[in-house]
Amino acid sequence: MVYFADFLILIAFLLVITDFFAMSYGVFTGAGAILFVIGTIILFYIVHNVPIFFIRIVLPTYVTLTVFVSIFAYLGYKAYKSKIKTGESLLLNQTGEAVADINPQKDGKILINGELWTAYSDYTILKGSKVLVIEIDEKLRLKVKAQETADK
């Protein structure tokens, strides 16, 4: 039974190391933590004369594991609850600058946050004008209004 507990602890460490190289989103680390706890519990119940150095190794490992799991769970929850910072929600109502003329018949280019986007409008907007993004179509073209028109 002692060898079984040793085997569980060894597999636990291998799973944690595997999680560094595989995209398991923490599944291998979670399984490794569970196997580590089970293996050490088996060792403590079977071996009555547990060496003191083993307690000095296992106890700090439990504490460290608990701290890391708690920190990563908190950070994961915080990231889950944060607002989306990309895509459509970031671009709508943003102000940019027309770097090419925009006509109802011809798309133009606008610069927003250092990125160049294709834009269209229902009326003519000249190069250098400030524009406001009001819509995004399925081709990722931005429908814009001149900033002065949008303010009124």
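The values are calculated or read from the model by the stated rules, or taken from the named source; none is laboratory data. Keep in mind that what you see is a predicted model, and the values were worked out from it rather than measured. All Cβ positions, glycine included, derive from the backbone under ideal geometry; neighbour counts span all protein chains shown.
Overview of values
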quantity: Residue count, region 104-114 (criterion: in contact with a helix residue (DSSP H, G or I) (Cβ under 9 Å, 6 or more places away or on another chain) and at pLDDT below 90); calculated: 1
quantity: Top-ranked residue in region 95-110 [being part of a strand (DSSP E or B) and surrounded by 15 or more Cβ atoms within 10 Å (Cβ to Cβ); ranked as farthest from the chain's Cα centre (by Cα)]; calculated: Ile102
quantity: Any hit, region 31-54, residues being in contact with a Ser or Thr (Cβ under 8 Å, 6 or more places away or on another chain), at pLDDT below 80, assigned to a helix (DSSP H, G or I) and not assigned by TED's automatic domain parsing to the domain that holds Glu138; calculated: no
quantity: Cross-chain or 6+ apart pairs with Cβ under 8 Å, region 63-87 first and over 16 Å from Gly32 (Cβ atoms), then part of a helix (DSSP H, G or I) and at pLDDT below 85; calculated: Lys83/Ser89; Ile84/Leu90
quantity: Given (1) on the phi > 0 side of the Ramachandran plot; (2) hydroxyl-bearing (Ser, Thr, Tyr); (3) part of a helix (DSSP H, G or I), index of the condition Thr64 fails; calculated: (1)
quantity: Residue tally, condition touching a Phe, Trp or Tyr at 6+ places or on another chain (Cβ under 9 Å) and in contact (Cβ under 8 Å) with a residue 24 or more places away in the chain, over region 104-135; calculated: 3
quantity: Matching residues in region 1-35 - criterion: being under 21 Å from Gly76 (Cβ atoms) and either buried (at least 17 other Cβ atoms within 10 Å of the Cβ) or basic (Lys, Arg) (or both); calculated: Leu15, Val16, Asp19, Phe28, Thr29, Ala31, Gly32, Ala33
quantity: Matching residues in region 1-30 - criterion: being among the polar types (S, T, N, Q) and in a helix (DSSP H, G or I); calculated: Thr18, Thr29
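Table: residues versus (1) among the basic types (Lys, Arg); (2) assigned to a helix (DSSP H, G or I); (3) at pLDDT below 80.
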{"position": "Val69", "(1), (2), (3)": "no, yes, yes"}
{"position": "Gly76", "(1), (2), (3)": "no, yes, no"}
{"position": "Lys85", "(1), (2), (3)": "yes, no, yes"}
{"position": "Asn93", "(1), (2), (3)": "no, no, no"}
{"position": "Trp117", "(1), (2), (3)": "no, no, no"}
{"position": "Tyr123", "(1), (2), (3)": "no, no, no"}
{"position": "Gly128", "(1), (2), (3)": "no, no, no"}
{"position": "Lys139", "(1), (2), (3)": "yes, no, no"}
{"position": "Glu148", "(1), (2), (3)": "no, yes, yes"}
